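The values are calculated or read from the model by the stated rules, or taken from the named source; none is laboratory data. This structure is a prediction, so every number in the text was calculated from the model and none was measured. Here Cβ is always computed from backbone atoms with ideal geometry, including for glycine, and neighbour counts include all displayed protein chains.
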Amino acid sequence: MSVKILGISAFYHDSAAAVIEDGAIIAAAQEERFTRKKHDPGFPSNAVKFCLDQSGFSLAELDAVVFYDKPLLKFERLLETYYAFAPRGIRSFVAAVPVWIKEKLFLKRLLREELAKAGDGAAGLKLLFTSHHLAHAASAFFPSPFEEAAVLTIDGVGEWATASISRGSGSSLKMLKEMKFPHSAGLLYSAFTYYLGFKVNSGEYKLMGLSPYGEPGSDRVKKYGGLIRREMAHVKADGSVWLNEKYFNYATGLTMTNDGEWERLLGLPRRLPESELSREHCDLALAVQQVTEEIVLNMAAEAKKLTGSGNLCLAGGVALNCVAAGKLQRSGLFKELWTQPAAGDAGGAPGAALAAYHLYFGGPRKPAAGSDGMQGSYLGPEFSDLDIQLAVKKHKAVSAHFADPDELCAAAAALLADGKVLGWFQGRMEWGPRALGNRSILGDARDEGMQRRLNLKIKLREGFRPFAPSVLWEYAKEYFDISAPSPYMLLTADVLEKRRNALPPGYHAGSVKEKLYFSRSDIPAVTHLDYSARLQTVHRDTNPRYWLLLEKFRQRTGCGLLVNTSFNVRGEPIVCTPSDAYACFMRTDMDFLVLGDRLLDKRAQPPWRETKNWKEEYGPD
């Protein structure tokens, strides 16, 4: 008899569900893709329903439902923290405790009530709870291609743990070392995210993207870095970090930082959201990025020391810091590195299910030969040609149908080569925060104006934010200094020297805008300020149609890569359905849309009429 398990993460941010059978992931999706609420924290009703429908399992057929957290341990941390910091934080305590008493302390009852909405059988379900960091570690190790590995998890906080080192071997996973709240590399990074005017648990990647605008080696970057290390965060050789709570407010307050103390220390007031970015802001972003990289590298070295393994698996929100992960890979500390594509809290859903299968039910593990167990991360909903036809009919849209994928990809490649921007909607939706060629917006990376157009006219977001390339794996080394595949867009690599343009005199003294629009290489739309790129290598066996599109573009232009950004606008979750895609296409400056086998020209579509204020609904991310 096979073992069928549903994993759930919920009630903090990025709620998700995943279903596995005998250790193989069948389906996984975040709730935000269905509700259209970015980082939706609610119970993932829609994601659960999708996972059950995709697997064909009823609730009654499941052997267990596993939650990614232990709420009683988390409540213990809440009470002990308020006690330790009393009388500070009384406002936060009064706000938080009623919610805990009403909902989270009675989570079993709440889970059964919510699951009952998905079908019969909820009352008799076996409910299991795994620790937060065990769920993260399981999500990283069990789908990895390694028989054994060190596992490093770094995030804000779970129950008590903020970072952990484990060792995975076969179907076992053993926790070796933990760092505990309130000391946290993830919360340190989120505090700087907040102080620089971005949204916590959402804008950390903006902070990472801003950091290359700082001036490496400058007196100001050195000053900020020294102040962070001396006064705010003491970094130890094993990667553990001690945070001076004088500067932080997250333990008992309603904000991340004690702004007055930061301003006195740094000589820089907190940046208000959406306000102008100064050189000081950029240098501060670079300083904390460098501190974070030091922490990650030290933790990885400690993991190597404790396990002796040549392989490393990464999970937790900090694992999505692809700049740090790229430097870790290039350090040579480990022979192989693998990161869970949904490394943040959403990854806790499959992680909880996998932990239960291997550690509770004793299920065997069979690593996928030469690859991993994530199936290219294409684990979400897919839509038939009939679904697409009905969406086209609903919107009275005009489309051309291509029966031959070769002809479709050739036509799309010709449009891209002509400077057009395409929405690209194919197959199963991606799992995790990155669009990997099934829900993507595409453009020509050689076009000097492409980054500006995509940011301001299509994504409707800040101009400084970089874009990633999708590159044919067979030609990746013609563009980037890369030694291993990066199928999940989770690593950075340097653009080769031969493709770079030299910086002009006085470049580092320029403003953010002056730096932004200097063409740094012959693929300017994907070359960041430090000559790096967060790349996705595209492989024929995992996504043959996307590979074919890139190959047709290469045959036409000699260039084997494209700009690939997620199919959404700022503040909107990545599109899920054909109607989501059509609405995003019509609201923005995209030129063409490919829905499955159908090509739609913006000029041929009927006038678009809005039924809601979507810009206000999505808001800043």
Residue satisfying condition, being in contact with a strand residue (DSSP E or B) (Cβ under 9 Å, 6 or more places away or on another chain) and either assigned by TED's automatic domain parsing to the domain that holds Gly560 or at pLDDT below 95 (or both), within set Leu460, Leu442: Leu442
Selection within segment 445-485 - farther than 15 Å from Leu516 by Cβ, in contact with an Asp or Glu (Cβ under 8 Å, 6 or more places away or on another chain) and either part of a helix (DSSP H, G or I) or not basic (Lys, Arg) (or both): Lys457, Ile458, Leu472, Phe480, Asp481, Ala484
Members of segment 40-56 that are surrounded by fewer than 20 Cβ atoms within 10 Å (Cβ to Cβ) and in a loop (DSSP other than H, G, I, E, B): Pro41, Gly42, Gly56
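One line per residue, one yes/no per condition, for (1) farther than 13 Å from Val288 by Cβ; (2) aromatic (Phe, Trp, Tyr):
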{"residue": "Arg230", "(1), (2)": "yes, no"}
{"residue": "Asp238", "(1), (2)": "yes, no"}
{"residue": "Phe248", "(1), (2)": "yes, yes"}
{"residue": "Thr257", "(1), (2)": "no, no"}
{"residue": "Gly260", "(1), (2)": "yes, no"}
The one condition in (1) under 27 Å from the mean Cα position of the chain (by Cα); (2) at pLDDT below 95 that Ile165 fails to fulfil: (2)
Qualifying residue in segment 270-280 (condition: over 14 Å from Ser190 (Cα atoms), in a helix (DSSP H, G or I) and assigned by TED's automatic domain parsing to the domain that holds Ile154): yes
Qualifying residue in segment 189-196 (condition: touching a strand residue (DSSP E or B) at 6+ places or on another chain (Cβ under 7 Å) and either within 23 Å of Tyr517 (Cβ to Cβ) or among the aliphatic types (A, V, I, L, M) (or both)): yes
Number of the condition not met by Leu254 [criteria: (1) more than 27 Å from the chain's Cα centre (by Cα); (2) in a loop (DSSP other than H, G, I, E, B); (3) among the hydrophobic types (A, V, I, L, M, F, W, C)]: (1)
Arg112 being of a type in the set (Lys, Arg), under 26 Å from Gly7 (Cα atoms) and modelled with pLDDT of 90 or more: yes
Scan of segment 509-522 for residues that are surrounded by 14 or more Cβ atoms within 10 Å (Cβ to Cβ) and in a helix (DSSP H, G or I), ordered by number: Val512, Lys515, Leu516
Test: Glu159 is in a strand (DSSP E or B) and surrounded by fewer than 23 Cβ atoms within 10 Å (Cβ to Cβ): no
Out of Lys515, Lys498, Lys457, Lys552, sole residue that is basic (Lys, Arg), more than 28 Å from Pro341 (Cα to Cα) and in contact with a helix residue (DSSP H, G or I) (Cβ under 8 Å, 6 or more places away or on another chain): Lys515
Subset of segment 549-603 that is among the aromatic types (Phe, Trp, Tyr) and closer than 22 Å to Asp621 by Cα - its residue that is surrounded by the fewest Cβ atoms within 10 Å (Cβ to Cβ): Tyr582
Residues located in segment 255-267, provided they are in contact (Cβ under 8 Å) with a residue 12 or more places away in the chain and over 16 Å from Val157 (Cα atoms): Thr257, Asn258, Asp259, Glu261, Trp262, Leu265, Leu266
Segment 275-294 - residue that is of a type in the set (D, E, K, R) and within 22 Å of the chain's Cα centre (by Cα) and, of those, nearest to Leu210 (Cα to Cα): Glu293
Residue count, segment 582-618 (criterion: of a type in the set (Phe, Trp, Tyr) and in contact with a His (Cβ under 9 Å, 6 or more places away or on another chain)): 2
Considering residues of segment 523-533 that are under 24 Å from Ser218 (Cβ atoms) and not hydrophobic (A, V, I, L, M, F, W, C) only, the residue surrounded by the most Cβ atoms within 10 Å (Cβ to Cβ): Thr527
Residue match in segment 198-213 (condition: among the acidic types (Asp, Glu), assigned by TED's automatic domain parsing to the domain that holds Val296 and either without any contact (Cβ under 8 Å) to a residue 24 or more places away in the chain or under 16 Å from Arg279 (Cα atoms) (or both)): no
